1. Using just the alpha carbons, could you tell me how many Å³ per residue the convex hull of the range 97-253 encloses?
2. What dipole magnitude, in Debye to the nearest 20, does the range 163-241 give about its Cα centre under +1 on Lys/Arg Cβ and -1 on Asp/Glu Cβ?
3. If the limit is 21 Å between Cα atoms, which of LYS312/LYS392; LYS11/LYS272; LYS91/LYS254 go over it?
4. Hey, in the GNM for the chain with a 10 angstrom Cα cutoff, which one of THR219, THR418, THR283 fluctuates hardest?
5. Ignoring any ligand, DNA or RNA, what whole percent of the accessible area of the range 144-263 comes from carbon and sulfur when the probe is 1.4 angstrom?
6. By per-residue mean of other Cβ atoms within 10 Å, what is the highest-first order of 272-282, 220-230, 194-204?
7. Check which residues have an amide H placed less than 5 Å from ALA166's amide H, if you skip close sequence neighbours.
8. What is the Cα centroid distance between the range 175-232 and the range 264-287, reported in whole angstrom?
Amino acid sequence: MTKQEIILANKEFLFPAVFHFYKEPLVVAHAKDQYVWDADGNQYLDFLGGIVTVSVGHCNDQVNAKVHKQLDTLQHVSTVFANEPQAALAKKIASITPGGKLTKSFFTNSGTEANETAILTARCYTGNTEIVALRHSYHGRSAMAMTLTGQGTWRLGPSQAGVIHAHNAYCYRCPFGLTYPTCDVRCASDMEELIRTTTGGRIAGFIAEPIQGVGGYITPPKEYFQIIEKIVRNHGGIFISDEVQTGWGRTGGKWFGIEQWGVTPDIMTGAKGLGNGSPVGLTVARPEVADGLKGVTLSTFGGNPVTATAAKAVIDFIEEQKLMHNCTETGGYLRGRLEELKDKHALIGDVRGMGLMQAFELVEDRKTKTPATAQTAMLMEAMRENRILAGKGGLYGNVIRVSPPMNINRTDVDNFITALDQSLAACSALTAGSAR
Ligand SMILES: Cc1ncc(COP(=O)(O)O)c(C=O)c1O
């Protein structure tokens, strides 16, 4: 198919709700390591990684060699049969969870399903029904996952019962108009009143992303989750960490994002970067919590030998190549270079994130903090012109999300920053032009 035929077929044969970045969709033809190529043969430096999913580089040789071999050995059995790749993956995951305490895994195909399983398990284990999620969160696209999600854009159709939303720690736009640290992390302590006033006082659990991904890499102060954890446990709830974006070392130095905040969760969910592009969903829990899910359950594709092989190979690669360390080092370097761009371009109001999960928020004016939504769309086009890819996010569509493969180096960062600098300059010139 030609590029135009692909674009037309997408329009004609996909649900109209399937949207693409850019005015003219980017048709990706192939990819390798940190690069992708479009249908016209143009090369792009990929600092989005298929939405925080290409954790160890596109078509990683080491991972794919194992996947190819497994494809020709055993492709599918479902969870009703035992197989070595699933067993080996579950064993490996049990050895790296916080404190080695979460040792029972259930595999599915996506982050959405992983979160569905987590909520069901929390309710069965505690005997309570109410779930507290956060505003600005994103947890997937099933009916329950959309109900958990705290952004209107991503909530389609009717909501499910039994979910309430607490304040997140969006310090740049504090919901209480306060400033950290004199705020005493009011957004966290507010949880007590929320539970007392909107539930019967007993909850099944709390679910959150350690850094909110789709929300625009909103990064809480270090005390936030510890305060929340105490309140949640006092009301009978368990703590679920959605590690779909923050897992597998991306935040630097630790396997899981929640470890950065000194909280040991009862359940964690994962997907995206775990498979480096292979569809794997993970719900991993403390044994007694997993025991709470009585009866039987299955997932046709869960624990699939091929995707389980990919996931185990990804974890091994991260470990062997010390990528958690690289996320700290190269991520720190990236952060410094983004801060330099903030000094230079007034359009950037805030830079935030951790490790190789960094974002910047665009504002029309640093005092009023009016979201620069139109300029962000313009910047996305300019970045494409300059052959770099990054993501867009935030409730107002004014955050650029940077999450490259975890095995990039400083030269890649420099190349990205040079192209980003040019793109920001082009965007500012255009904006100034349109203001005249
Ligand atoms: C934090 C988080 N949780 C869950 C999901 C849903 O995962 P999936 O799209 O694999 O269903 C996403 C997807 O972006 C996510 O970012």
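The values are calculated or read from the model by the stated rules, or taken from the named source; none is laboratory data. Treat the numbers as computed from the prediction; the structure is a model and nothing was measured. Glycine gets a Cβ as well: all are built from the backbone with ideal geometry, and neighbour counts include every protein chain shown. Keep in mind that these areas ignore ligands, DNA and RNA; they rest on the heavy atoms of the full protein, side chains included. Shrake-Rupley method; radii C 1.70, N 1.55, O 1.52, S 1.80 Å.
1. Measuring per residue, one finds 125 Å³ for the Cα hull of the range 97-253.
2. Dipole magnitude for the range 163-241 comes out near 80 debye.
3. LYS312/LYS392; LYS11/LYS272
4. THR418
5. 52 percent
6. On the way: 272-282: 26.5, 220-230: 19.7, 194-204: 16.6.
In decreasing order of mean packing, 272-282, 220-230, 194-204 become 272-282, 220-230, 194-204.
7. Distant-sequence amide H within range of ALA166: ALA133, LEU134, ARG135.
8. With the range 175-232 and the range 264-287 each reduced to a Cα centre, they are spaced 23 Å.
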